Each structure stands twice: as C-alpha cells, then as structure tokens.
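Peer 1: Can you read through this structure? Questions will come right after.
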Amino acid sequence: MIIDAHCHLGKDVVFDLENSESDLILNFKKFGIDAGIVQPFIGRPYLEDIKAEHNRIYALTQEYPGSFFGLASINPHFRYKDFEEEARRCIRELNFVGLKITPPGHAVHPLSKDALHVYDVALDLGVPVMIHTGFGIPFADPIHLAGVAEKYPDLTIIMAHAGSNFYVSQAIFVAKNYDNVFVEPSGSGISETHSLISTLGSAKVMFSTDTIEQIPAELNKYKAIVESDSDRLNVFQNTVLKSFNIQSSDIHSISDY
C-alpha cells in the first residue's frame with residue numbers, strides 16, 4: 001500500500017499551480033498510489049475562500065472515503081477566533097487529520113506569536129502540524145523547528161520537504177534530536193532522501209509528492225534506495241499512518257473505486 005502524505009487540491013495564487021479532483025484521481029490510479037493526505041494550495045487570504053477550499057476537499061473525502069483525508073491550511077494571521085473556529089470545524093466536523101503552515105506562502109515565521117497559536121490549537125484538537133521547510137529561507141529554515149519541538153514536546157510535527165536539499169542537514173539534526181518530529185522529503189533529491197533514511201531510520205520518513213508532476217520521480221527514488229520490506233512498509237505506509245493517527249483499516253485504495 002502506498003499513501004501520499006502531501007498532495008494538493010485547488011488553485012495556488014502564490015506559485016500559480018492548480019490541481020483538480022480528476023488530476024489527483026487519475027494520477028493516483030496511473031501510478032499505483034492508494035490514498036493521500038490532501039491540503040489546499042495557498043489561496044487568497046479571505047476566510048470564506050479558505051472555507052470553500054476545505055469544503056471542496058471534504059467533498060472529495062466523502063466521495064472517496066478512505067482514499068483521501070483532509071489537511072487544513074488556514075492563514076495563521078487570521079483573527080484568533082476565526083482561526084480557531086475554522087480549525088475546529090475542519091477537525092471535528094469534516095474529520096480532517098491535521099493543520100498545515102507554509103512560511104513563505106502564509107508569511108509567517110514558525111516561532112512567531114501567530115505560529116505558536118497554531119500549535120496551541122493543534123494540541124487542543126489532538127492533531128499534528130505539517131510545516132513547510134526549505135524554499136522560503138530564512139522563515140522556512142528547518143532549524144527553527146527545533147524551537148517548536150522543544151516548546152511543544154507533545155505535538156507531532158511533520159517537516160514538509162525535509163529542508164529541500166540544501167538544508168537537509170538542519171532537517172536531520174532536528175528530526176534526530178526530537179522524537180515528535182517526522183519528515184516527508186517531497187522535492188528532495190535521491191542522495192538527500194537516502195541520508196534521511198540512513199540517519200533517522202525509515203520510521204521517521206514518509207512518502208510524499210507535493211505536486212502531481214513529481215509523482216514518478218518520488219516513487220522511483222524510493223524504489224532505488226529502499227531495499228528492505230520493513231523499510232518500504234514504513235516509508236509508504238506506517239510512518240504517515242502513525243503521524244496522522246490514521247488506522248490502516250481506515251484506508252480504502254482509490255483503485256477499488
């Protein structure tokens with residue numbers, strides 16, 4: 001079974017990207033991906049727009065239960081009451097499995113006051129936070145997540161992109177020193193991904209694609225560097241299930257629809 005820890009639906013107004021429901025479904029089936037954690041792209045900074053994107057993801061999860069799981073992405077600079085209400089709606093009503101921060105897209109430092117509020121809300125709701133790292137330095141430097149992990153030892157932190165090649169050393173340092181930090185190396189090279197697995201162990205690393213165009217490359221890099229069945233099981237399934245607190249029995253392969 002292959003679970004994608006990081007994919008998108010909708011339109012990105014920062015990086016001019018766009019994915020439709022059919023894009024995800026067709027490519028999952030084409031490349032043999034069974035299920036995925038779906039988050040919005042960075043949309044316009046209006047609460048009603050964010051709600052609409054979350055509703056769109058929810059509709060996908062309802063049409064294909066067990067194949068898609070929602071991940072909420074809410075601008076940390078929204079009024080705290082608005083942020084909390086939308087986060088609670090996504091987790092409690094729409095059954096989303098976590099929250100996401102994108103420092104370059106949200107213009108937020110991972111240790112800023114507004115970012116800390118996101119972690120407080122996530123802890124209260126009992127869900128992990130995925131944090132983009134790499135592109136967008138200095139805000140997206142993985143080393144900042146050491147401070148987050150130190151301050152929030154009970155919060156599961158998923159380091160998106162694992163520093164994006166040039167900052168993989170910082171990502172390794174943080175994930176190695178904090179039990180609550182996991183990595184998804186989408187967009188990172190094969191050498192960097194190999195370093196992550198060999199240094200941290202496969203139980204800390206999860207398969208992810210980020211963009212549809214990267215699916216073949218992401219699959220092939222793991223096929224080239226992951227040799228044992230146990231490591232393959234961790235990377236493609238166990239680590240993401242553990243991080244997002246999803247039961248394997250809740251997964252239903254998209255190929256069955």
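Peer 1: With the requirement that a residue be under 15 Å from Thr199 (Cβ atoms) and either surrounded by 22 or more Cβ atoms within 10 Å (Cβ to Cβ) or in contact with an Asp or Glu (Cβ under 8 Å, 6 or more places away or on another chain) (or both), what does region 173-185 give you?
Peer 2: Val174, Ala175, Tyr178, Val181, Phe182, Val183, Pro185
Peer 1: Which count do you get for residues in region 29-67 that are part of a strand (DSSP E or B), within 17 Å of the chain's Cα centre (by Cα) and farther than 24 Å from Asp16 by Cβ?
Peer 2: Count: 1.
Peer 1: For region 70-87, enumerate the residues that are open to solvent by 10 Å² or more (accessible area, probe 1.4 Å) and in a loop (DSSP other than H, G, I, E, B).
Peer 2: Within region 70-87, Asn75, His77, Phe78, Arg79 qualify.
Peer 1: Let me ask you something else. What about Thr209, is it in contact with a strand residue (DSSP E or B) (Cβ under 8 Å, 6 or more places away or on another chain), farther than 30 Å from Asp16 by Cα, among the polar types (S, T, N, Q) and at pLDDT 95 or above?
Peer 2: Judged against the criteria, Thr209 is not a match.
Peer 1: Right, another one. Considering (1) under 27 Å from Val148 (Cβ atoms); (2) open to solvent by 10 Å² or more (accessible area, probe 1.4 Å); (3) touching a Gly at 6+ places or on another chain (Cβ under 8 Å); (4) assigned to a helix (DSSP H, G or I), say which one Cys90 fails and leave the rest.
Peer 2: With respect to (1) under 27 Å from Val148 (Cβ atoms); (2) open to solvent by 10 Å² or more (accessible area, probe 1.4 Å); (3) touching a Gly at 6+ places or on another chain (Cβ under 8 Å); (4) assigned to a helix (DSSP H, G or I), Cys90 is out only on (2).
Peer 1: Just to be sure, is Ile33 open to solvent by less than 10 Å² (accessible area, probe 1.4 Å) and modelled with pLDDT of 95 or more?
Peer 2: Taking the combined requirement at face value, the residue satisfies it.
Peer 1: Kindly establish whether Leu26 is under 30 Å from Arg232 (Cα atoms), under 18 Å from the mean Cα position of the chain (by Cα) and assigned to a helix (DSSP H, G or I).
Peer 2: It is false that Leu26 is under 30 Å from Arg232 (Cα atoms), under 18 Å from the mean Cα position of the chain (by Cα) and assigned to a helix (DSSP H, G or I).
Peer 1: Against the condition in a loop (DSSP other than H, G, I, E, B) and surrounded by 15 or more Cβ atoms within 10 Å (Cβ to Cβ), how does Val118 come out, does it pass?
Peer 2: Considered against the rule, which asks whether it is in a loop (DSSP other than H, G, I, E, B) and surrounded by 15 or more Cβ atoms within 10 Å (Cβ to Cβ), Val118 comes out as no.
Peer 1: Taking only pairs six or more apart or across chains, which ones have beta-carbon atoms under 7 Å, a first residue in region 226-252 that is farther than 17 Å from Val183 by Cα and open to solvent by 40 Å² or more (accessible area, probe 1.4 Å), and a second residue that is of a type in the set (Ser, Thr, Tyr) and not in a helix (DSSP H, G or I)?
Peer 2: That search, which allows pairs on different chains as well, returns His252/Ser67.
The values are calculated or read from the model by the stated rules, or taken from the named source; none is laboratory data. In this text, all values refer to a predicted model and were calculated from it rather than measured experimentally. Backbone-built Cβ (ideal geometry, glycine too); neighbour counts: all protein chains shown. Each accessible area value is taken on the protein alone, full model and side chains, heavy atoms only, with ligands, DNA and RNA left out. Shrake-Rupley method; radii C 1.70, N 1.55, O 1.52, S 1.80 Å.
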